[in-house]
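Peer 1: After the structure tokens below, expect a handful of questions from me.
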Amino acid sequence: MSSRRTTHRTAVAGLIGAFLLSILPALPVAADNTVQNLPYSQDWSNTGGLITVNDNWNNVPGVVGFLGDGLAVTGADPRQVTVDSTTVDVNANQTSPNTFTTGGVAEFEIANPVVALQGSGTADAPYVQFLVNTTGLSSIHVALNLRDIDGSIDNAFQQVAVQFRNGTSGGWNNPASGAYVDDATEGPSLASKVTAVSTTLANASVNADNQPIVGIRVITTDAPGSDEWVGVDDVVVTGTPIEASRPLLIVPLAILRAGGVPDRLAVTGYTLMFSVVNGFTMDETGEGGEPPTDQPPVDEAARMVRDYMASLPPDRFPNLLAVADHFAVSDQDQRFELLVDLFVEGLAQRAER
């Protein structure tokens with residue numbers, strides 16, 4: 001089997017999979033609330049320079065924290081909180097999450113600096129908000145780490161959710177999956193838990209694709225008992241260039257229509273082509289993209305089938321005996337080319353009807 005061609009076919013079968021992420025030059029930032037281009041990242045490694053004064057985010061372009069006062073009741077699911085807070089909040093230059101008990105948003109200058117959230121009787125639903133520009137991009141993806149940095153005796157069920165909206169006003173939306181953590185902390189007297197969050201900003205009703213302004217927020221709520229500090233760290237927001245996927249749809253359909261294939265048949269044939277190629281590739285390499293380790297190589301398996309066919313009683317299986325030698329032919333490239341030829345020829349014949 002040609003590994004080069006197998007790799008090529010695997011790539012063909014995955015045309016609608018991963019594309020190169022946008023590699024856009026970072027533009028200079030001017031002030032807070034400046035919408036940030038993708039790819040965007042924030043790991044708070046320079047919190048000492050970014051946040052120096054309480055409730056002031058001027059040095060953190062596109063990011064702002066809010067107290068969330070009056071947004072929720074104690075124990076509320078943060079996914080149910082869809083309105084805004086107007087109280088800008090950050091407690092700057094903190095160094096001890098174990099003893100600092102003022103809830104809301106705080107900047108901790110610890111060994112691994114971070115901005116963190118903690119609910120309280122006043123900070124009912126504190127959150128940190130990011131503004132990004134997704135113009136020309138689709139499948140907007142957010143990855144971040146939630147860090148338990150509170151090693152005190154407190155041990156709350158600290159819920160956290162990631163939400164999004166298009167623009168700077170209106171209700172917040174919950175992604176379809178991967179954006180909610182029921183408890184991002186551990187304890188008591190423990191502070192080592194890290195929860196990775198990975199979600200695409202989309203649900204059945206709305207997505208964040210191709211928008212000049214998308215708001216993303218990470219929100220917690222006041223937990224029953226004594227809340228813990230949860231760091232929002234290693235934030236990365238990316239998207240897939242829309243232009244990158246267009247040739248995969250435009251070019252094949254243009255060829256089919258130019259050849260006289262009716263529109264309905266062109267679309268059906270296009271989608272079936274992926275099913276055919278995917279099926280061949282899975283048969284060749286296995287569902288995980290690698291040849292099965294518990295089965296013999298293709299050449300050996302073909303010979304085994306041929307030998308089995310040749311051993312059958314001729315009076316009962318004359319047809320199988322007649323073609324037995326052909327089962328030993330295991331040229332996968334030849335089989336693939338025949339498959340494509342048959343598919344194209346069948347499509348052409350159907351188009352002529």
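Here, each number is a calculation from the coordinates, and none is a lab measurement. Given the structure is predicted, the values throughout are model-derived calculations rather than measurements. Cβ coordinates were reconstructed from backbone atoms using ideal geometry, including for glycine residues, and neighbour counts include every protein chain displayed.
Peer 1: Rounded to the nearest 20 debye, what is the charge dipole size of the chain about its Cα centre when +1 sits on each Lys and Arg Cβ and -1 on each Asp and Glu Cβ? Can you show the working numbers first?
Peer 2: Details: 17 positive and 40 negative charges, 275 e Å.
Computed charge dipole of the chain: roughly 1320 debye.
Peer 1: How large is the helix-only mean residue ellipticity at 222 nm for the chain, computed as the sum of -39500 (n - 2.57) over DSSP H runs with n ≥ 4, divided by its residue count, in deg cm²/dmol to the nearest 500?
Peer 2: Working: 7 runs with 94 residues, N = 353.
It comes out at -8500 deg cm²/dmol, rounded to the nearest 500.
Peer 1: If you don't mind, another one. What list of ³J(HN,Hα) values in whole Hz, one per residue of region 128-144 in order, does the Karplus curve 6.51 cos²θ - 1.76 cosθ + 1.60 (θ = phi - 60°) give from phi, with Gly and Pro shown as x?
Peer 2: Values per residue, Gly and Pro as x: 10, 10, 10, 10, 10, 10, 10, 4, x, 10, 10, 6, 5, 10, 10, 10, 7 Hz.
Peer 1: Can you give the convex hull volume of the alpha carbon atoms of region 60-194 per residue, in Å³?
Peer 2: Numbers: hull volume 16.1 nm³, N = 135.
Taking the convex hull of the Cα positions in region 60-194, it is 119 Å³ per residue.
Peer 1: Averaged over all directions, how much area does the convex hull of the C-alpha atoms of region 137-227 cover when projected, in nm²? Each step should come with its number before you reach the end.
Peer 2: Numbers: hull surface 25.0 nm².
Value for region 137-227: 6.2 nm².
Peer 1: Computed from these coordinates, which is Rg/Rh (Cα atoms, Kirkwood Rh): (i) 1.23; (ii) 0.95; (iii) 1.17?
Peer 2: Given (i) 1.23; (ii) 0.95; (iii) 1.17, the structure-derived one carries the label (iii).
Peer 1: Let me ask something else about it. Under unit Cβ charges (Lys, Arg +1; Asp, Glu -1), what dipole magnitude, rounded to 20 debye, does region 85-196 have relative to its Cα centre? Before the final figure, lay out the partial values.
Peer 2: Numbers: 3 positive and 10 negative charges, 75 e Å.
Magnitude of the dipole: close to 360 debye.
Peer 1: Further question on the same structure: Using the number of other C-beta atoms within 10 angstrom as an exposure proxy, rank His141, His326 with the fewest first. Show your work: numbers first, answer last.
Peer 2: Details: His141 21, His326 10.
Neighbour counts put them in this order, fewest first: His326, His141.
Peer 1: Which ³J(HN,Hα) values in Hz, rounded to whole numbers, follow from the phi angles of region 158-170 under the Karplus curve 6.51 cos²θ - 1.76 cosθ + 1.60, where θ = phi - 60° and Gly and Pro get x?
Peer 2: Couplings: 8, 6, 9, 9, 9, 10, 8, 7, 8, x, 10, 8, x Hz.
Peer 1: Taking θ = phi - 60°, what integer Hz values does the Karplus form 6.51 cos²θ - 1.76 cosθ + 1.60 yield along region 112-125, in sequence order, with x for Gly and Pro?
Peer 2: Here the 3J(HN,Hα) series is 10, x, 6, 9, 10, 10, 8, x, 7, x, 9, 7, 5, 8 Hz.
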